[in-house]
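The values are calculated or read from the model by the stated rules, or taken from the named source; none is laboratory data. All values derive from a computational prediction rather than experimental measurement. Cβ atoms come from the backbone with ideal geometry, glycine included; neighbour counts cover every protein chain shown. Just the protein is used for accessible areas: all its heavy atoms, side chains included, with ligands, DNA and RNA removed. Shrake-Rupley method; radii C 1.70, N 1.55, O 1.52, S 1.80 Å.
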Amino acid sequence: MTGSKTLALALLFSVTFLAACDSAEERAEKHYQSALELLADGKEQQAVVELRNALQNNELHLGARQTFAEIFQSRGDTRNAFANYLFIVEQDPSNFEAMRNATALGVELAAWERVEEIVTAATEINAEDVEIRIGQLVLDYREAVRQNDSEARARLGEEARKLVSEKPEDMTLRKLVIDYLIALEDEREALAEIERALEVDPDDLSLYQAQVSVLGSLGEIQQIEPILIGLTERFPENDDLRRSLLRYYASQGDLDGAETFLRDLVADNPEDDEVKASLIAFLRTNRSIDAARAQVDTFIEQGANVDLYRALRAGIEFDTGDRTAAISEMQGIVETGAPGPQTRRNKVALARMLQATGNTVGSRALAEEVIAEDPNDVGALRLRAEFLIEADQADDAIVDLRTAMAIDPNDADLMTLMARAHERNGSRELMGEMLSLAAETSNYAPEETLRLATFMASSGRTEVAERALIDALRVAPGNAQLLIALATLYVNDENFEQAADVEDALRGIGSPEATRLADRIRLALLSSQENTDELLAAIDAIGAESGNAAGAAVARVRVLVSQGDLESAQAELEAARSADPDNLNLKFFEGGFLATIGQIDEAEVIFRELIAAAPKAEQPYATLMRILASQGRTDDAEAVVDEGIAQLPQSGNLRWAKAGFLERRGDLAGAISVYEEMYAENSNAVVIANNLASLMATQSTEPENIERAYAIARRLRGLEQPAFQDTYGWISFLRGDLNEALEHLEPAAAGLPGDGRVQYHLGRVYEAAERPDDARAQYNRALELSENVPDDAFKAEVQARLDGLN
């Protein structure tokens, strides 16, 4: 009996030992085969579990990866499908099928760098494959658009039209053709192509957005309303579409139609709180606060989701009444609310209130609390990302935003925030792509479009800015802010005829604000065309119509000064002052004029009188400071700044000037302290970031200090202003990145040839790069420039480097 038990135990242990000897690769293969069987039986979710098991045992099991990618692709999960195909391509560069799929998905995701890598490799295997040809075509077309190469764009557009016949179901190709036709201003053919594309994919929202844009361009505004209404019905969860329809009604002056649409929507969807919230927001913006409050109270009386509507009412009170009471009300709602999505939303709303009142610690704590409860809460992730961006932790912010965008891929606000994160990282190309995506996703809403247009114009891509503004105006043709932005582009490009068309459009709106903006365009046009007589006549006409004689007098004086006619300008100004002696604006302008013509003492008297009369006005302090500093009266100028800061402690301009005085007399710690305070208040200001980072890198080269300076300065990467190039290049040098330093400091030294410290910075890089002759030339140049600068320490430092080379 004993021997039998021993044999049984031996057999048991041997079976266990053999099972343990199964390799991870073998276990992975078993899970993979099981997954294939489950898929064959239609059990996809169980197959997914087996595929995960396979990859846990062997992450290099390419069959499991391939199957996983196919499942993700069939579910429409483009991002995860692309990631798996990309993994296969990296592990097996000869897998052409994975390359084809990765190319198509990468184009859809706008992952251009990876697409270019894959297409380059795939072309060597089979350049004639249609998927690879499409990928290359899209890359080339994108580059043609970026370079504003109309000939290449036309050639590639025609090539795409031919390829559509080979692959009519490819939406990327069709969208390229549509974009080409719109750029060609062939709106009718573009409209026909959009309709053909909708037959292939009737659920592609971007096609409808293009359709609305083209109809607006054709002036067929009446056809837009039924399309937008149909879209809100087809995509009921898409808030941006509702907002687009409401903007359309507003642009047509049809607020009653907008309210009717929302009330009908509420009646048809009585359980949809998002729709009800949209109605409240509309009433608050377009009717009155009382109307919004009354509607909130009605929803509370109806008894459903009371916490939501109490929170909305607290939000109204916070913005329009007693903030302390509103926060107290919201805290009560949060404390008594049942755990769940609504309470988490209320916590995020409370966090926003705390953030607005300066309680960033409490706000951040609430966001973290919500994320701990639900790591995928979009509102909390967005809020935490904002804090991370403000703290110059852009990489961490991008992680949060990617998580949020995976959950809500059509949120234009998330895209805008992602653009800000990329800006902090100095990734301006990615920033531009996100701003473009935000504008497109929002159906070219004014706010998103203005951001995109501003960015593109500042990057020299005015044609992209113009096109975005025109697309937005097709949906909201009466939006004054879009029109003024478009007119500014035209005036700057000396495209006077089209600027005049925008002026006419503004006058057609008829509101006082639109008329005022139209007057601005008229004066800018006449000024840029140097037509003095017409300009003066227009100023008089606008002044008479508006009743602002003083403003017209100031404008006339400015014109005469620009023409060098100081005598006439002084006569105009004296007449205006006599007619309106108590007008402080005229007195301020008189002071500036006297300083311009060299009557410094008289100007000083005027500005000191203005400061005594209006001690809380910033401009008299700032202007008097500049006048005194220009006369070499540095101590007096700084005393004026100190006097102004005592009255206006939050003045950015005065504190900026104070930091400059501190820096010039060598008190770097004091200047840094001022900039740190200003940066904490507004970390988005590039010039503050530049000055703070520059001084930090000058004051100390300790690694921790340099890394902090680098975190602040990263946004300067790639900007073409010489001062920014110097700051970023020098910090890059201190971090040991010679290539990055050289790339930025060479243009900085060329752009600031009279700045000895910038020349010295470049010399240090040349020396480190073992280019002694170039370094010697830079050091000598820096010494020459420092002759008139009382900074003996800097001269000694430059001389020491030069002696070391010699």
If I take R0 = 60 Å and measure r between the Cβ atoms of residue 165 and residue 633 in this structure, what FRET efficiency does the formula 1/(1 + (r/R0)^6) give, to the nearest 0.05?
0.20
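When only C-alpha pairs under 8 Å and at least 6 residues apart count, what is the relative contact order of the stretch 451-500, in percent? Provide the component values of the computation, followed by the final result.
Working: 37 pairs, mean separation 12.6, N = 50.
Dividing the mean separation by the residue count of the stretch 451-500 yields 25 percent.
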Nearest-10 value in Å² for the accessible area of residue 26, using the 1.4 Å probe
90 Å²
For residue 796 and residue 291, FRET efficiency with R0 = 51 Å and r from the beta-carbon atoms, rounded to 0.05?
0.10
Over the chain, what is the mean sequence separation of C-alpha contacts under 8 Å (at least six apart), divided by residue count, expressed as relative contact order in percent?
4 percent
Extension gain residue 463-residue 331, at 0.36 nm per residue separation less the Cα-Cα distance, in nm?
42.6 nm
If you rank 306, 399, 119 by how much accessible surface each has, with a 1.4 Å probe, what is the order from largest down?
399, 306, 119
Helix 566-579 sits off the longest principal axis of the Cα atoms of the chain, rounded to the nearest 10 on a 0 to 90 degree scale, by 90 degrees
Heavy-atom accessible area of residue 32, protein chains in place, probe 1.4 angstrom, given in Å² to nearest 10, is 40 Å²
Measure off 7 Å from each Cα along the Cα-to-Cβ vector at residue 571 and residue 271, then give the distance between these two points in nanometres to one decimal.
8.1 nm
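Could you order 616, 175, 795 so the one with the most accessible surface comes first? Probe is 1.4 Å.
Most to least solvent-accessible, the answer reads 616, 175, 795.
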Where does the charge balance sit around residue 66 when Lys and Arg score +1, Asp and Glu -1, over other residues with C-beta under 12 Å from its C-beta?
-2
If the cut-off is a Cα-Cα distance under 20 Å, which lysines reach residue 30, setting aside same-chain residues fewer than 8 apart in sequence?
43
Tell me which lysines have Cα within less than 27 Å of residue 795's Cα, excluding those fewer than 8 residues away on the same chain?
658
Rounded to a whole number, what is D in µm²/s for the chain from Stokes-Einstein with the Kirkwood radius over alpha-carbon pairs (20 °C, 1.002 mPa s)?
67 µm²/s
Can you give the accessible area of residue 686 in Å² (nearest 10), computed on protein heavy atoms with a 1.4 Å probe?
40 Å²
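Place the peptides 472-481, 371-380, 349-358, 285-294 in order of packing, highest mean first, counting for every residue the other Cβ atoms within 10 Å and averaging per peptide. Spell out each step's value before the answer.
Numbers: 472-481: 21.6, 371-380: 17.1, 349-358: 18.7, 285-294: 14.7.
Sorting 472-481, 371-380, 349-358, 285-294 by mean packing, highest first, produces 472-481, 349-358, 371-380, 285-294.
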Distance-filtered residues of the stretch 143-160 - backbone nitrogen under 16 Å, label point 7 angstrom along residue 120 Cα→Cβ
143
Can you tell me the FRET efficiency between residue 238 and residue 33 if r is taken as the Cβ-Cβ distance and R0 is 35 Å, rounded to the nearest 0.05?
0.25
Under the 0.36 nm per residue contour assumption, what length would be gained going from the current alpha-carbon distance of residue 406 and residue 770 to full extension?
126.2 nm
Amide H contacts under 5 Å for residue 479, restricted to residues at least 5 apart in sequence or on another chain and with H modeled in the peptide plane, are none
Which distance in nm do the two modelled labels at residue 806 and residue 264 give, with both placed 7 Å along the Cα-to-Cβ direction?
8.7 nm
For every other residue with a beta carbon closer than 10 angstrom to the beta carbon of residue 200, add +1 if it is Lys or Arg and -1 if Asp or Glu, then tell me the sum.
-3
What 222 nm value per residue comes from the helices of the chain, counting each DSSP H run with n ≥ 4 as -39,500 (n - 2.57) and dividing by all residues, nearest 500 deg cm²/dmol?
-26000 deg cm²/dmol
Mind checking which lysines have their C-alpha under 26 Å from residue 347, skipping anything on the same chain fewer than 8 residues away?
276
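If I stretch the segment between residue 720 and residue 546 completely, what's the gain in nm (0.36 nm per residue apart, minus their alpha carbon distance), one decimal?
In short, 58.5 nm is gained.
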Convert 4 °C to kelvin, take the viscosity as 1.567 mPa s, use the Kirkwood radius over C-alpha pairs of the stretch 739-806 as Rh, and evaluate the Stokes-Einstein diffusion coefficient in µm²/s, rounded to a whole number.
111 µm²/s
So how tilted is helix 668-681 from the main axis of the chain? Cα-based, degrees 0 to 90, rounded to 10.
60 degrees
Could you work out how far apart the two model spin labels at residue 647 and residue 746 are, taking each label as a point 7 Å from the Cα in the direction of the beta carbon, and quote it in nm?
5.1 nm
Karplus couplings for the stretch 323-339 from phi (6.51 cos²θ - 1.76 cosθ + 1.60, θ = phi - 60°), rounded to Hz, Gly and Pro as x?
5, 4, 5, 5, 5, 4, 4, 5, 4, x, 4, 5, 5, 9, x, 6, x
Expressed as a rounded percentage, what relative contact order does the stretch 247-345 have, with Cα pairs under 8 Å and six or more residues apart?
14 percent
Taking the Cα centre of each part, how many Å lie between the stretch 599-664 and the stretch 426-458?
38 Å
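For residue 700, what charge total do you get from the other residues with a beta carbon under 13 Å from its beta carbon, if Lys and Arg give +1 and Asp and Glu give -1?
Numbers: positive: 708; negative: 702, 704, 707.
Computed value for this residue: -2.
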